[in-house]
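Student: Before anything else, here's the structure in question.
The values are calculated or read from the model by the stated rules, or taken from the named source; none is laboratory data. Here the structure is a predicted model, which is why all the values come from computation and not from measurement. FYI the Cβ positions are ideal-geometry reconstructions off the backbone, even for glycines, and counts take in every protein chain you see.
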Amino acid sequence: MFDLKNVTIRSRSVSSMDNNVYVLTDRDTGAQVLIDAAADFPAIRELLSEAAADAAVPAKVELIVTTHSHWDHVRALAEAVQATGARTAAGREDAPDIEVPTNMLLVDGDTLHIGGPGGFELEAIKLRGHTPGSVALLYRDPNGPAHLFTGDSLFPGGLGNTQQDPERFASLYADVVERVFGQLPDDTIVHPGHGAGTTLGAERPHLPEWKERGW
């Protein structure tokens with residue numbers, strides 16, 4: 001858990017694939033964002049209940065964002081939408097492959113406003129390669145390091161799987177270098193779609209190695 005001044009970030013690993021589910025809760029408005037409704041809705045419901053205690057007012061899931069369309073990241077999406085009534089968002093190119101209708105089609109640079117004037121913002125960063133429409137979500141904490149939710153595009157030790165396709169790898173590498181490492185400082189905290197987190201500073205020295213090996 002990251003207990004920030006304005007927002008709390010809670011996560012839960014679900015399924016045998018160690019999918020990370022994230023919930024961001026605004027302390028003042030109770031507005032919540034769920035990132036990647038993967039696999040296990042009972043576990044997600046429990047996570048949402050725990051996160052609701054972080055707000056000064058009753059909490060409500062306003063938006064469920066899917067970082068990319070792969071099946072392990074959307075298996076609980078229908079249940080989550082039915083239970084919360086939340087709107088959905090995903091990258092424009094990936095939305096047709098998600099069975100649950102997508103209300104917001106995200107493109108690079110979109111800003112998501114959560115909780116109205118007293119809430120918080122997330123920025124969408126398109127990272128093309130793992131899937132055509134993969135998106136990362138950036139929360140700029142005004143009181144500390146930024147938090148970047150990267151789906152399956154960036155992990156400790158390398159980029160997401162591009163199936164040994166040179167063009168897909170080149171696309172993902174270029175986007176990650178230009179739109180992430182080229183724009184954000186080393187203390188940015190990375191929250192990936194599976195496994196443990198990292199920081200951009202820990203990964204930056206390895207960029208030439210990733211480029212050389214091609215994965």
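Student: Return the total of residues in segment 12-51 being within 25 Å of residue 140 (Cα to Cα) and not in a strand (DSSP E or B).
Tutor: Within segment 12-51, residues that are within 25 Å of residue 140 (Cα to Cα) and not in a strand (DSSP E or B) number 13.
Student: Please name all residue pairs, on different chains or six or more residues apart, with Cβ atoms under 6 Å, provided the first residue is in segment 113-133 and is in contact (Cβ under 8 Å) with a residue 24 or more places away in the chain and the second residue is assigned to a strand (DSSP E or B) and of a type in the set (Gly, Ala, Ser).
Tutor: Final answer for the pair search is 114/31; 115/31; 119/31; 125/136; 127/136; 133/91.
Student: Just to verify a result, which residue in segment 183-199, among those that are in contact with a helix residue (DSSP H, G or I) (Cβ under 8 Å, 6 or more places away or on another chain) and in contact (Cβ under 8 Å) with a residue 40 or more places away in the chain, is surrounded by the most Cβ atoms within 10 Å (Cβ to Cβ)?
Tutor: 193
Student: Then there's this: In segment 28-59, which residue that is surrounded by fewer than 24 Cβ atoms within 10 Å (Cβ to Cβ) and among the charged types (D, E, K, R) is nearest to residue 150 (Cα to Cα)?
Tutor: Among those residues, the one meeting the criterion is 40.
Student: Among the candidates 141, 186, 152, which residue alone is at pLDDT 95 or above, in contact with a His (Cβ under 8 Å, 6 or more places away or on another chain) and farther than 25 Å from residue 69 by Cβ?
Tutor: Only one candidate passes the filter, namely 141.
Student: Being surrounded by fewer than 21 Cβ atoms within 10 Å (Cβ to Cβ) and not in a loop (DSSP other than H, G, I, E, B) narrows it down to one residue among 99, 123, 62; which is it?
Tutor: Checking each option against the conditions leaves just 123.
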